[in-house]
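Trainee: One structure, pasted below without further comment.
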Amino acid sequence: MAGHASKQIDGKTLWGGKMSPFSTSYGKLMMWFFLVSDALTFGGLLVAYGFTRHDYLGSWPIGEETFNSLPFLGHGYPLIYVALMTFILIVSSVTMVLAVEAGHRMDKRGVIKWMIATIIGGFFFVGSQAWEWSHFIHGSEFGKVELADGSLAIVHGEFGEIESFKVTVAGDHHQVGDEIKAGVHGVTQADLMHDYQHAAAEGHIKDGIITLHDGSQAEIKKSANEHMELIVKESGGKYEMGTHIEEGAAAMYEEAINSGEAGRLIYGANLQQNEYGPQQYGQFFFFITGFHGFHVFSGVIINIIILLQVIGGVMHSRGHYEMVEKTGLYWHFVDLVWVFVFTFFYLV
Amino acid sequence: MERDDIIEYSLDAHHSEEAGVKIRRKIWFVTLLLTIITAVEVALGAMIKQGSGAWPFVKWSFIIMTLLKAGYIVMVFMHLGDERKGLRYVILIPYFIFMLYLIFILLWEGLAVGEAWAGAAV
């Protein structure tokens, strides 16, 4: 394959010294050097992640507990989604290498076909990452809870649906006796959930009474949460780190919800706090997957540009498809990085 | 002008239809391999909980499988296996030396810092 042709090359395409080190082209060698430097950047990020993780040990989130959702299907599918993302990226790497192979046979139609497939795979990956981020930022239905002894725990279970808020004290918008429920006055189930989580995080729920944005108070009508399990991530005294609590878990969770104290519940993630683990966990998630996602995105753009050149016949009249090979190197590198992110962020 | 000082040059890395069939077969074989490794990783991750007795074994097999995947991607998909030996070593050896050093020093340091914090909190 590469590096094994014996055709004579005219002086103009050679390097300044009329030689080609490692019998490779200038562009390809520079691409390799760039990839080594980029690999050092990603290596640095992942090692920094490892450092922080070894700092925290037991309280660090576990991938299969954090990433266990699928679009439309809900929870209970540990790591399936990221595995699917990994698979998509591997397949798009395969289609890319097939485009390179077609280029070596001067098969223009083959190059176009496989590059289009690669670009589609790239868009699928970026889209999947957008869903993953959105899911990570919005968080779970339960959030992270601070128990009565100060222990922090993540929660698994089935969230009981919120039926309605029945207003008992009037505020700016709602009258006494109003029943705020999904399907009435344009209110959706997501709105109820949002109000509920917001109030719980701010400490605006006390003994089953929620204080809404407009200052009105309402009685919460909601089905009970079921199959509750608390996993202690940080000990507050009574419970050891890593303890799984099932008996009385529902009551302990309700106590925190109904405490009226702000900060007992954390939902989702931002750069200051997140429901999954220490602050740095969220920061590393956003930075590492974000930096990688940006690489994928720019890879898709570069692939599109090269595809347009291929369609325009630029490579064919040049007599070789080396440009496809060079963008291919970048694209495979993106896949390579994801293999490591997948292992060290999600698996171990 | 005829030159005899240049023997090989990758710009003209063309191959025939027959060679293409062989190369494509290799590509699909590697695809299958990478898919199987990923599936095994997910299955192991879902079955064996972190902190259980078998976990250290699983963790190390994850790392080995990752390096295996990375090796196939770099050597086959990125064609580094087909490049000159010199180029291969220029790229891989400095990177590995530096990364192994960095991994060792920072993970070790991370554990030490974690212990120091735990001690300070008591």
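Trainee: Just to check your reading of the model, which residue among A:Gly139, A:Gly110 is surrounded by fewer than 21 Cβ atoms within 10 Å (Cβ to Cβ) and within 19 Å of the chain's Cα centre (by Cα)?
Mentor: Matching residue, one of A:Gly139, A:Gly110: A:Gly139.
Trainee: Still on this model: Could you check, for the stretch A:136-157, whether at least one of its residues is at pLDDT 85 or above, farther than 21 Å from A:Ser59 by Cα and in contact with a helix residue (DSSP H, G or I) (Cβ under 6 Å, 6 or more places away or on another chain)?
Mentor: The answer is no, given that none of the residues of the stretch A:136-157 is at pLDDT 85 or above, farther than 21 Å from A:Ser59 by Cα and in contact with a helix residue (DSSP H, G or I) (Cβ under 6 Å, 6 or more places away or on another chain).
Trainee: Here is a further query. For the condition under 16 Å from the mean Cα position of the chain (by Cα), closer than 30 Å to A:Asp38 by Cα and not in a helix (DSSP H, G or I), what is the one hit in A:Gly277, A:Gly282, A:Gly290?
Mentor: A:Gly277
Trainee: If I go through the stretch B:22-48 residue by residue, how many of them are loosely packed, with under 14 Cβ neighbours inside 10 Å and closer than 17 Å to A:Asp335 by Cα?
Mentor: Total satisfying the criteria: 4.
Trainee: Considering only residues of the stretch A:1-41 that are at pLDDT 80 or above and in contact with a Pro (Cβ under 9 Å, 6 or more places away or on another chain), which is farthest from the other protein chains (Cβ to nearest Cβ)?
Mentor: So the residue we want is A:Leu29.
Trainee: Just to check your reading of the model, which residue among A:Asn303, A:Asn258, A:Asn274, A:Asn225 is among the polar types (S, T, N, Q), modelled with pLDDT of 95 or more and surrounded by 15 or more Cβ atoms within 10 Å (Cβ to Cβ)?
Mentor: A:Asn303
Trainee: So how many residues does the stretch A:102-151 have that are in contact with a His (Cβ under 6 Å, 6 or more places away or on another chain) and of a type outside the set (D, E, K, R)?
Mentor: Going through the stretch A:102-151 one residue at a time, the tally reaches 1.
The values are calculated or read from the model by the stated rules, or taken from the named source; none is laboratory data. Just so it is clear, the model here is predicted, and its values are computed rather than measured. FYI the Cβ positions are ideal-geometry reconstructions off the backbone, even for glycines, and counts take in every protein chain you see.
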